[in-house]
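Comments concern the structure below.
Derivation of every value follows stated rules applied to the coordinates shown; laboratory data play no part. Given the structure is predicted, the values throughout are model-derived calculations rather than measurements. Here the Cβ positions follow ideal geometry from the backbone for every residue, glycine too, while neighbour counts run over all protein chains shown.
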């Protein structure tokens, strides 16, 4: 009988319902982002990521599952393989190990953001990066190790402004060339 349902159970049901709505809204925004392209697509993708993050906060156990060390390490490994394959194909296979990272050079500018992009333990770029950039990217590598495949969603939800994005701030704005 509904009157016998514990208040915490009703609240969980509401959280799950709201989480489903947030996830559906995020999925609709992601589809819209894919259609519109450009800067608007980035804003829409950020909004979608925020919806997914909010949904994850409402569903009991999701955070613990996604941040389970086994899950995050598998995500980190998969991201690294993807980064090396993506970079190897586009960069002509120029891959070097530097400071514990796989640095893939020779990529076309459209294949990565700004001066380069870290995917797992792989740093994708067009040229050999200076030491300060590698310090910055090593922090991103550790973020990938900690969050696994959840990192891209969290990064998007943190926003594109590096001066406000917690992941860029943690990696070092000066070393990343933002200051």
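For the stretch 125-144, the residues whose amide N sits under 17 Å from a probe point set 7 Å from the Cα of residue 179 along the beta carbon direction are 132-137, 139-140.
Compare the peptides 135-142, 169-176 by average per-residue count of other Cβ atoms within 10 angstrom and give them in order, highest first. Intermediate values should be presented prior to the final figure.
Details: 135-142: 21.2, 169-176: 16.4.
Output ranking for 135-142, 169-176: 135-142, 169-176.
Placing dummy labels 7 Å off each Cα toward the beta-carbon, the span from residue 65 to residue 164 is 3.2 nm.
According to the square roots a ≥ b ≥ c of the eigenvalues of the Cα gyration tensor, what is the shape class of the stretch 68-171, taking rounded for a/c under 1.5, prolate for a/b larger than b/c otherwise, and oblate for the remainder? Note, shape of the stretch 68-171 comes out oblate.
How much length is gained on full extension from residue 40 to residue 57, taking 0.36 nm per residue of separation minus their Cα-Cα distance?
Additional length available on full extension: 3.5 nm.
Roughly speaking, what is the centre-to-centre gap between the stretch 71-89 and the stretch 108-179 when only Cα atoms are used, to the nearest Å? Centre-to-centre (Cα) distance: 15 Å.
If you rank 85, 52 by fewest surrounding Cβ atoms within 10 Å, what's the result?
By the 10 Å Cβ count, ascending: 85, 52.
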